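The values are calculated or read from the model by the stated rules, or taken from the named source; none is laboratory data. None of the values given here were measured: they were computed from a predicted structure. All Cβ positions, glycine included, derive from the backbone under ideal geometry; neighbour counts span all protein chains shown. The area values use the complete protein model at the heavy-atom level, side chains included, leaving out ligands, DNA and RNA. Shrake-Rupley method; radii C 1.70, N 1.55, O 1.52, S 1.80 Å.
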Amino acid sequence: MNAAPDEVTPDSGIAGALPPGERFWRRLGGVAFGGDYNPEQWPAETRAEDLRLMAEARVNLVTVGVFAWARVEPARGAYDFSFFDRVLDDLHAHGITADLATMTASPPPWLVHEHPEILPVTADGTVLGPGGRQHFCPSSPVYRERAGLLAERLATHYRGHPALGLWHVGNEYGCHIAACYCAESAAGFRRWLRERYGDDVEALNDAWSTDFWSQRFASFDHVQPPRAAPTYPNPAQQLDYMRFSSEALRECFELEAGILRRITPEVPITTNFLGGLKSVDVFDWAPRLDVVAVDSYPDPLDERPHLAPGLVYDTMRGAGGGAPWILMEQAPSAVNWRARNAIKQPGQMRLWSWQAVAHGADAVLFFQWRQSRGGAEKFHSGMVPHAGADSRVYREIAALGQELASVPGLLGTRVRNDVAILLDWNSWWALELDSHPSDGVRQQERLLEHYTPLFDLGVGVDVVPPSADLTGYALVVVPNLYLLPSRDAARLSAYVQGGGALVVSFFSGIVDEHDRVHLGGYPAPLREVLGVRVEEFCPAAEHETFPVRGCEALADHEGVAGLWREDLRLTGARPELVFDAPGWAGRPVATRHEYGAGTARYLSARLDEATMRAILGRAAAEAGVKPVVEGLPSGVQASVRAGDGRRFLILLNHTGDKHDVALTGEWADGLAGLDEPVGTVTLPPLGVAVLRATG
Ligand code: GAL
């Protein structure tokens, strides 16, 4: 049953005219804790136990109904929300907020039966069948219509329900279906191109360099998606198709979000991004969400499994303009979809949950509450596992929920860093196109090769797009920003001119937005600021390495380069690192250029970790960037969250050893709620400490 409309505003009186995202956090009042809740998979009796355990674990937010379309609309137009009415009423009765899904992530069998044309098609023409999930073409008018109708019915039905705190549109858009190549998508692509190129086919021909290989178009009607072809399809066409596909998915999100905003304007809207996913341009999407949310599934078997998620979290915070974000999904322990699915060791789930908080998350959620009994994910861990509540996993979950609820004042504090790493989805897409000098330059790897040394230096990072305001950053790091429109290059030059410190890695500033090379010597739009000029790339053979040695301030340093080399000519820059290899000895690898009031460094090869640390360490020190805490043991992370006169220091021990961290300043134990000053914190293996500033 729904509440009467006058009871509806869950936070009435508290938040007034605050934006929906802000209202959401105020409503929760503390760090949110919970997970995907799928009671439709269980007999009704289980719910009583669920609610009891949720109360014990201090769950206050659950995601409901993500894959429930077939249940609420078992036949065309036959909507039946009675099951979820009871669920939402029960949640409300237990003080739990619902992140209610629009249920459109997995079209029901009847819809596929009636309209098989909604099924997605791969680049080689294979029609993907139902039976999994996300089996819809993002451009399908039928899918969009039915999804919109469901969103409308849901919003109308649940408008004013006191449990409804957040809308969860779709699920991990682009995770399984990055792009569809069916006839409907082709038509959508043509419409998109007409708009992008002002209905001028010559503008398209120019942008796509179609005089190459006789690809000149006489009409937009002749354009196809970049389907499987005898050899490399036109790269600009591929790039535009990635843009189009991200936007087609975004339109699905926006269609539903528009309906929800019209009917329930007070309820904030999110969708869960998948961390590290290439197909969806998070920086383009994020401003259309009220709260950014992300799913994160690090592999416990990785050597340093916390680094890639850290990069994802810093990206999500950057996408949301620094606002708090939701860790929407993580595994309580093992997943089911890797070849070998390792469990999280005791303490690891807690550590990685606090890691998200340390990066600015104000909500820690899991997939899923109760481990499924049947279906493809029955061996994916749940907060309540098959073994039941008498289990290590549930005990750790309950302890974490209680712990997160015990730190007053943390909510709403923010993370801010002095170092920015630039990431751009357009450049990522273009960087990894085929027919490049080397296929070894991969965006995520290269990002991590810049992120890791900064992490090891104890320096926090914001990941932002090139269009972000960089003026507040002391140091800007640019890992392989292959596609760089001249206007963004000019902003980077202006940043240095104005006193900024810039570090740019090879194969940056190479092409414009249409994947056309900036001429006159690489990296043309950055040549002046970097004080270098490159005529030729000399990519390395696989496993080929070249010794390098430092000069000037790095005089004693010896290291190794690989993957890439350039015949680097200096036009103002001074070498900071040179090759020590036969034939190349003494030729510059890394340079430093004073430009205007700032400094610009260039790295023309992939450098080993210690060398990256040495160079980025120098750049950071020169720019006045300090570690969050001086002298941290290796593998221990520190992060400060601050705001409204409150300050928290979170220490995370990512190692298997015990470490002591000596603190300067006035800190008290934020978890134990004590006021006594803490001088040295002892972190057990995988340990966490949360300190509250007292001074
Ligand atoms: C996510 C997805 C969830 C669940 C989970 C398993 O990608 O959103 O529904 O499948 O993976 O790890």
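Over the chain, what percent of the accessible surface lies on carbon and sulfur atoms, probe 1.4 Å? Taking all protein chains in place, the chain shows 50 percent carbon and sulfur surface.
Extension gain for residue 200 to residue 494 (0.36 nm times residue separation, less C-alpha to C-alpha distance): 102.5 nm. Accessible surface comparison of 655, 102, 471, 156, probe 1.4 Å, protein chains only, largest first: the order is 471, 156, 655, 102. Accessible surface calculations at 1.4 Å, restricted to protein heavy atoms, place the chain at 38 Å² per residue. Bridge orientation summary for the chain: considering DSSP beta bridges with both residues in this region, about 50 percent are antiparallel. By the rule of a C-alpha distance below 15 Å, with chain neighbours fewer than 8 residues away ignored, the aspartates and glutamates paired with residue 626 are 418, 456, 462. Summarising the overall dimensions of the stretch 159-240 from its C-alpha atoms, the Rg and Dmax are 18.1, 62 angstrom.
Label-to-label distance for residue 85 and residue 379 is 4.1 nm, based on points extended 7 Å past Cα in the beta-carbon direction.
Spherically averaged projected area of the convex hull of Cα atoms, the stretch 419-622: 10.1 nm². All C-alpha pair distances within the stretch 34-76, sorted into 10 Å bins from zero, spread as 25, 49, 21, 5, 0 percent across the bins. In a DSSP loop and with at most 13 other Cβ atoms within 10 Å, the trypsin sites (Lys or Arg not before Pro) in the stretch 246-344 are 338, 340. Taking one quarter of the surface of the convex hull spanned by the alpha-carbon atoms of the stretch 87-229 gives a direction-averaged projected area of 11.2 nm².
A straight line joining the Cα centroids of the stretch 27-74 and the stretch 166-224 runs 40 Å. With q set to 0.15 Å⁻¹, the log10 of I(q)/I(0) for the stretch 546-695, from the Debye formula over equal scatterers at the Cα positions, is -0.83. Annotation: lysines with alpha-carbon distance below 16 angstrom to residue 378 (same-chain offsets under eight excluded): none found.
Using equal-weight Cα scatterers in the Debye expression, the normalised intensity of the stretch 636-693 in log10 at q = 0.13, 0.16, 0.24 Å⁻¹ is -0.30, -0.45, -0.96. Straight-line cross-link reach from residue 658 at under 21 Å between alpha-carbon atoms covers these lysines, not counting any fewer than eight positions away in the same chain: 344. If you plug the beta carbon distance of residue 669 and residue 569 into 1/(1 + (r/R0)^6) with R0 = 60 Å, you get a FRET efficiency near 0.60.
Within the full protein context, the accessible area of residue 505 is estimated at about 0 Å² for a probe radius of 1.4 Å.
Just so you know, the averaged projected area of the alpha carbon convex hull for the chain sits at 31.3 nm². Taking amide H as placed 1.01 Å from N in the peptide plane, residue 370 has its amide H under 5 Å from the amide H of 38, 383, 384, each at least 5 places away in sequence or on another chain. Each helix, a run of at least 4 DSSP H residues, gives -39500 (n - 2.57); summed and divided by the residues of the chain, these come to -9000 deg cm²/dmol at 222 nm. Under a 5 Å amide H cut-off, with hydrogens placed 1.01 Å from N, residue 274 pairs with 295 among residues at least 5 apart or on other chains.
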